[in-house]
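**Q** My questions will all concern the structure given below.
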Amino acid sequence: MRNHLTVHLPSRRVAVVVVAAVFALIAALLPGTQAHATPSISDIEAQIDQKWNQLEPLVEQYDKVHEQLQQNLSKQSTLNKELAPLQTKVSLAQTRVGAMSAELYMNGPGSNLNALLESGDPTTLVDEMMSLNQVAKAQQKTVDAVQQQVAKYTAQKKSLDSLVAQQKKQDASLATQKTTINAQISQLQKLRTQAYGSAGTTGGNLKPVPCPYTYTSGSGATAAKKACSLISHPYGWGDAGPTYYDCSGLTMVAWEAAGVSLPHNAAEQYAATRRVSSSQLQIGDLVFYGSDLHHVALYIGNGWVVHAPREGEDVMETKMTVIGTPYAYGRP
C-alpha cells in the first residue's frame, strides 16, 4: 500500500504543475488581464507631462514667429504707404525738369539772341538765363534728394519683404503642425478623461487660495488682479483672449491691464523683463520655466502663481514649484 502511494504521488504533482502552467498561459493571452492593466492616474499624468513638454516649446515658437510676422507686415504696409507719395514726387519733379528742358530747347539760344537784339539789354537776357538755370538746378536737386530717399526706402523694403516671405513660410509651417498638435492633445484629453472622468479634466480646484494672495498696490498688483480674473478660462495655444489663453498670452494680457506692453512669447518676455531673485519676488512678477523658456506664469504671492497650463486645462492657481523648478524670475 505504501509502495502504491509512492509510485502515484509524483505523477499527480506533475499533472497539477502542468494544469497550472496551462491556465497561466491562457490568462496571459486573454485580453483584460494584468498583462494589459489600465494605467494608473500617475502614469497617465506622467504621459501628459512628457507630451506637453514636447508640445509647448512649439506653441511658444509659433507665438514668436506669428507676432514677428504681424509686426513686419505692419512695417511693410507703412513703407508701401511712404513709398507711394515719394514715387509720385519724383515723377512730378522729373516732369517739371523735363518741361523746363524742353522750354530751354524750344526757346533756347536762338530765341534769346532775338530777344537780345530786340531789347538791346544784354543784362536782362543774362539774368533771365541764369534764373532759368538756377530753377532747373534746384528742381534737379529736388529730384536727386527724393530719388535718394526712394532708394533708401526701397532697400529697406527689399530687406523687409525678404524677411516677411521667410516668416510667412515659418508661420505656415508651424500652422500646418497645428492639426498634428491638436490630434496629439486630443489623445492626451482622452487619457485625462480616462483618469478623472469627463467632469474632472482640470484635476482639482482652480482657485484654492485668495487671488492675489495678499492685496498690494502698484502695477504688479494690477497685473495680478487681471490674471486672477481670468481663472477658469480655457487654454488655447497661440491665443491671448478674450476666451482662450496660452501661458504667455495670459501674462501679456495681465500686464496690459497695468499699462505695460509685453510680447506674446515666453522667451521674449524673459528678454523684456529685468531679473530678480526668488527672495525678491513681488506680486505680478513673471516666473519662467525650462532652459528653453517654454513656459511662464504670474506670481500672486506666498509661493503661488496663476498660469495657463496646457490644452484641455483652464487658467488656474498652483504652487509655482508644482509646475517645476523655476528657471528665472522677471519683473516688467
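The values are calculated or read from the model by the stated rules, or taken from the named source; none is laboratory data. Bear in mind the structure is a predicted one, so any value in this text is a computation, not a measurement. Using ideal geometry, Cβ is built from the backbone for each residue, glycine included, and neighbour counts are taken over all protein chains shown. When the accessible area is computed, the model is the full protein with side chains, heavy atoms only, and any ligands, DNA or RNA have been set aside. Shrake-Rupley method; radii C 1.70, N 1.55, O 1.52, S 1.80 Å.
**Q** For the peptides 322-329, 59-66, what is the packing order when you average, over each peptide's residues, the other Cβ atoms within 10 Å and list the highest mean first? Write down the numbers at each step before the final one.
**A** On the way: 322-329: 15.1, 59-66: 22.4.
My ranking of the peptides, most packed first, is 59-66, 322-329.
**Q** Could you sort out which of Lys81/Lys169; Lys64/Lys152; Lys169/Lys226; Lys168/Lys190; Lys169/Lys190; Lys168/Lys225 sit more than 26 Å apart by Cα distance in this structure?
**A** Table pairs above 26 Å Cα-Cα are Lys64/Lys152; Lys169/Lys226; Lys168/Lys190; Lys169/Lys190; Lys168/Lys225.
**Q** Could you calculate the contour length gain from Val276 to Gln71, that is, 0.36 nm times the residue separation minus the distance between their Cα atoms, to one decimal place in nm?
**A** 70.9 nm
**Q** Would you tell me the accessible area of Leu293, worked out with a 1.4 angstrom probe on the heavy atoms of the protein chains, in Å² to the nearest 10?
**A** Answer for Leu293: close to 20 Å² accessible.
**Q** Another question about this same structure. Semi-axes of segment 229-332's equivalent ellipsoid from the Cα gyration tensor, sqrt of 5 times each eigenvalue, largest first, rounded to whole Å? The partial results should precede the final answer.
**A** Values: eigenvalues 69, 44, 33 Å².
So the equivalent ellipsoid measures 19, 15, 13 Å along its semi-axes.
**Q** Of the listed peptides 216-223, 312-319, what is their order by residue-averaged count of other C-beta atoms within 10 Å, with the highest listed first?
**A** 312-319, 216-223
**Q** For the residue pair Ala46 and Gln187, what label-to-label distance in nm results when each label sits 7 Å from Cα along the Cα-to-beta-carbon direction?
**A** In this crude spin-label approximation the distance works out to 1.8 nm.
**Q** Assuming R0 = 30 Å, can you tell me the calculated FRET efficiency for the pair Gln54 and Thr176, based on Cβ-Cβ distance, to the nearest 0.05?
**A** 0.95
**Q** For labels at Ser159 and Asn302 in the simple 7 Å Cα→Cβ model, what's the distance in nm?
**A** 5.3 nm
**Q** With r defined as the distance between the Cβ atoms of Lys152 and Arg331 and R0 fixed at 51 Å, what FRET efficiency is calculated, to the nearest 0.05?
**A** 0.85
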